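Data block below; observations after.
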Amino acid sequence: MTGKILVNEQVVPNVHRLVLDAPMIARRAQPGQFIMIIPDAEGERVPFTLSDWDIEAGTITIYYQEAGVSTMKLTALKPGESVHVVVGPLGRPTKIEKHGTVLVGGGCYGLGAIYPLAKAFKEAGNKVIAMLEARTTYIVYNEERLSEVTDEIIVVTADGSRGVRGHIKDGMKVLSDRGEKIDHSHFVGCTFMMMLSAEATKPYGIPTIVSLNTLMVDGTGMCGVCRVLVDGNTKFACVDGPDFDGHMVNWDMVFARKRGYEGEENLAYQFHKCRVDGAISQNAKSQEAV
Amino acid sequence: MSKRRDGLTAKERMAIPRAKMPEQDAQARASNFEEVPLGLTPEQAMEESKRCLECRKQPCVHGCPVGVQIPEFLDLVGQGKFVEAARLIKETNILPAVTGRVCPQEDQCEGDCTLFKKYGGVSIGALERFVADYERNNSIVEIPPKPKPSGKKVAVIGSGPSGLTVAGDLILEGHEVTMFEALHEAGGVLVYGIPEFRLPKEIVKAEVNYLAKQGVDIQLHKVVGMSIAMNELLEEYDSVYIGVGAGLPTFMRIKGEELNGVFSANEYLTRANLMKGYLFPEYDSPLPPGKHTCVIGGGNVAMDAARVARRLGGESTIVYRRAREQLPARGEEVHHAEEEGIDFQLLTNPVRIIGQDGKVVGMECIRMELGEPDDSGRRRPIPIEGSNFEIECDQVVISIGAGPNPLLIQTMPDLEINRWGYIEVDKNNRTNIEKVWAGGDIVTGAATVILAMGAGRIAARSIQAYLTGQPQPGTEEQQEEAS
Ligand SMILES: Cc1cc2nc3c(=O)[nH]c(=O)nc-3n(C[C@H](O)[C@H](O)[C@H](O)COP(=O)(O)OP(=O)(O)OC[C@H]3O[C@@H](n4cnc5c(N)ncnc54)[C@H](O)[C@@H]3O)c2cc1C
Ligand code: FES
């Protein structure tokens, strides 16, 4: 049944891998696209990047971090149970072309999400270098899978516990020092990581695509909550993106809009936590209303 | 029409005072989401229906975009035959419980009623609503017997009023009908746009269930163009109807629109209605109450947004650049909004939205005055220089109209569209592509529920003719055959 959970496991601390039964979505999925999930009947519509799919098995894979009420609800679901709704694929697919050497960089959920990109760039005849950014060595994941579709993997850790110490920009320096010419780059991860990565490629003049993960409601271009400014023009991340030129994105606006519901998000998280812990009964609201 | 049984004279009919629909108290309702008008009692309905003068020319029927047989249904109401009345309406209008609530009757049937000017038109909308509710609430909605299967397959894209009409009409003809809807609930604007207090979602659910029970296969969360390609539909189905609405929000291109606290009306209303944001945190999608919400625009959508904001507990203001008489919203909605304490800043236009730390803190506006008539025949508002002033507010909802969503259309390069991006159709709502019809807001631009249903009806007739090898309605061939 569509939406049935096949795998829901923590791969490294606070990064989870979710495999869902969704043959219709798997059949149409392309690199760079996303899906939206409504965890349960009271849930919101939350976007996640399609990180793998299997047309024959009819399954799709996403990676997520527990960061709010929706992802907290997801972590509680067990194989055999179902999410309330899954819809997709949405968004424009990534433009896959032969550039020469392509750098795909990922952070947090992006370590999972860059797999289809790396694979597609590789299949298009590029030399593909994957750069995996993590705070520390034990939260690096998905290396084995990525190694099947890349020519090289560079690990960058903030604490220097493995690979290059620092961030994408330090990894870039290593590449440049050894004379590696990068023709194209694509980054997926948290907003901060994508912004810093776009800044890092700029001095080298490397064309840079980022997959923005704005707030979304419908994911079909109907509400405009996902609007971003790119080169001075308003774009909807869900239908015009999620891929945009990282050097043209107005990052201040992306950050400000992401924080739009911080207070409410916290409240929802606390509310749900209390409910799970039994502090609020299921019909607290209706009792209040009486 | 057979002679009325009550034997009242025209004079006696005119002497009956127009029924007043009971309403929820304005104070109380400004803080809940329950329906505002409470509906007529059976006695009131019977009495009101007797006001109909049975004019020979039936101006009311001509005023109805789908030609509901109004005098006949009023006669049935007068006899207490409420269920029969509901069924009669449904022959031309499959959603009477909806249209009875949201149609602009004052501009249509009731506005054309002979009694309109002097006594107020017969309350056709209220009676339509009454009989439909009566039928539904007494669980006497009958599922029609299954027609003989035709072996033909029809795909309907979009589950708004136009899609629902096409599906409802064609399932009765024995075709296999599949309706694709992008969102996770069926009903289009009826579920994501129009708020609960104007159109309870239970009613839309009941109508959608009625179609499902008749065998319409409702495929939710399938975005045609993304989840399924148009080409696949064209291969699998004998006809395709596009009723995807006009769901693209328009922004104003003024400074500060990127700020947090600025919403398109679509976002604001979708959060409130579809995602049940007013029940946050019981439901997860937040719709934070503003201290003061300014809604820019003067249509029904703007009234809906302003009234939602009021119900969430804050102050609410409509900012509209023209004068009161020019407000495009229905009189009833403006009246309700005023009663609920919504402030109207008319002849006022926003210049920029003012922000602090990424959040809205106010809006700079300019006063307007009316100049010469423009293309639409309305006097053009012109800014009064130097009249700028600031309104303190923490939310701004932009409700200045909607456009066609290109998501599906851009996957159909051969489809003929006009310069605004709406689909071109002939008088049978056929597009230039074989097997493809379109109707509702995606053809006309944002219009009304009843017009969307009317378009659906026309398309359904044309599809039926196409699938059964009959000549197209309105063609010479067809007229010859009919005569
Ligand atoms: C807030 C608001 C208040 C209104 N108030 C009134 C009123 O009081 N009276 C009145 O008569 N009219 C009113 N209207 C206008 C009226 O609702 C519309 O004219 C009418 O709903 C149009 O019907 P439709 O079937 O063309 O499209 P819609 O109702 O817009 O339905 C289109 C459906 O298609 C779906 N869709 C879009 N793209 C795809 C795709 N690619 N694949 C699958 N599905 C897709 C959408 O999700 C949507 O559900 C109001 C509109 C709004 C927004
Ligand atoms: S999420 Fe609503 S328009 Fe993009």
**Item:** Spatial separation of Cα centroids for region A:163-221 and region B:142-185, in angstrom
**Value:** 48 Å
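In debye, nearest 20: dipole of region B:10-137 around its Cα centre with unit charges on the Cβ of K, R (+) and D, E (-)? Display every interim value, and only then the final one.
On the way: 17 positive and 20 negative charges, 78 e Å.
Dipole of region B:10-137, to the nearest 20 debye: 380 debye.
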**Item:** Ranking by accessible area, most exposed first, for B:8, A:146 with a 1.4 Å probe
**Value:** B:8, A:146
**Request:** For residue B:118, go through the lysines and keep the ones whose alpha-carbon is under 26 Å away, minus same-chain ones fewer than eight residues off.
**Result:** B:3, B:11, B:20, B:50, B:57
**Asked** What's the average, rounded to a whole number, of partner chain beta-carbon atoms within 10 Å of each residue's beta-carbon in B:261-272?
**Response** 4
**Prompt:** region B:346-408 to region B:23-71: how many Å between their Cα centroids?
**Reply:** 35 Å
**Prompt:** To the nearest 10 Å², what's residue B:427's accessible area with a 1.4 Å probe?
**Reply:** 150 Å²
**Request:** Step through the residues of region B:318-331 one at a time and calculate ³J(HN,Hα) from phi using the Karplus curve (6.51 cos²θ - 1.76 cosθ + 1.60, θ = phi - 60°), rounding each to whole Hz and writing x for Gly and Pro.
**Result:** 8, 10, 10, 7, 9, 8, 4, 4, 9, 3, x, 5, 4, x
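With a ≥ b ≥ c the root eigenvalues of the C-alpha gyration tensor of region B:139-201, is it rounded (a/c under 1.5), prolate (a/b larger than b/c) or oblate?
Note, shape of region B:139-201 comes out oblate.
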**Where GluC sites (Glu not before Pro) fall in DSSP loop in region A:123-217, at most 16 other Cβ within 10 Å** = A:148, A:180
**Request:** Give me a single rounded figure for A:213-220: the average over its residues of other chain Cβ atoms within 10 Å of their Cβ.
**Result:** 5
**Complete:** With a ≥ b ≥ c from the Cα gyration tensor eigenvalues, square-rooted, and the rule rounded for a/c under 1.5, otherwise prolate when a/b > b/c and oblate otherwise, chain A is prolate
**Request:** Sum up the charges of everything whose Cβ sits under 14 Å from the Cβ of residue B:323, counting Lys and Arg as +1 and Asp and Glu as -1, but leave residue B:323 out.
**Result:** +4
**Asked** Using the Cα gyration tensor of chain B, with a ≥ b ≥ c the square roots of its eigenvalues, what is the shape: rounded (a/c below 1.5), prolate (a/b larger than b/c) or oblate (neither)?
**Response** oblate
**Item:** Most to least packed among B:64-71, B:158-165, B:227-234 [average Cβ atoms within 10 Å]
**Value:** B:158-165, B:64-71, B:227-234
**Message:** Please list, by residue number, every one of the GluC sites (Glu not before Pro) in region A:64-113 that is coil in DSSP and has at most 15 other beta-carbon atoms within 10 Å.
**Reply:** A:97
**Fill in**
The lysines whose Cα lies under 27 Å from the Cα of residue B:148, excluding any fewer than 8 residues away in the same chain, are B:90, B:205, B:213, B:435
**Prompt:** Shielding of B:209-215 by partners, i.e. mean partner chain Cβ atoms within 10 Å per residue?
**Reply:** 0
**Request:** List the chymotrypsin sites (Phe, Trp or Tyr not before Pro) within region B:393-483 that fall in a DSSP loop (any state other than H, G, I, E or B) and whose Cβ has at most 10 other Cβ atoms within 10 Å.
**Result:** B:420
**Fill in**
Among B:275, B:69, B:212, the residue whose Cα sits farthest towards the positive end of the charge dipole of chain B (+1 at Cβ of Lys and Arg, -1 at Cβ of Asp and Glu, taken about the Cα centre) is B:69
**Request:** Place +1 on the Cβ of every Lys and Arg and -1 on the Cβ of every Asp and Glu in region A:101-258, take the dipole about the Cα centre, and give the residue among A:104, A:161, A:176 whose Cα lies farthest towards its positive end.
**Result:** A:161
**Request:** Specify the residue with the greatest mean-square fluctuation among A:232, A:110, A:246, computed from a Gaussian network of chain A linking alpha-carbon atoms under 10 Å apart.
**Result:** A:232
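The values are calculated or read from the model by the stated rules, or taken from the named source; none is laboratory data. Since this is a predicted model, take the numbers as computed values, not measurements. We place every Cβ from the backbone using ideal geometry, glycine too, and count neighbours over all the protein chains shown. Protein only, heavy atoms only, side chains kept; ligands, DNA and RNA dropped before computing areas. Shrake-Rupley method; radii C 1.70, N 1.55, O 1.52, S 1.80 Å.
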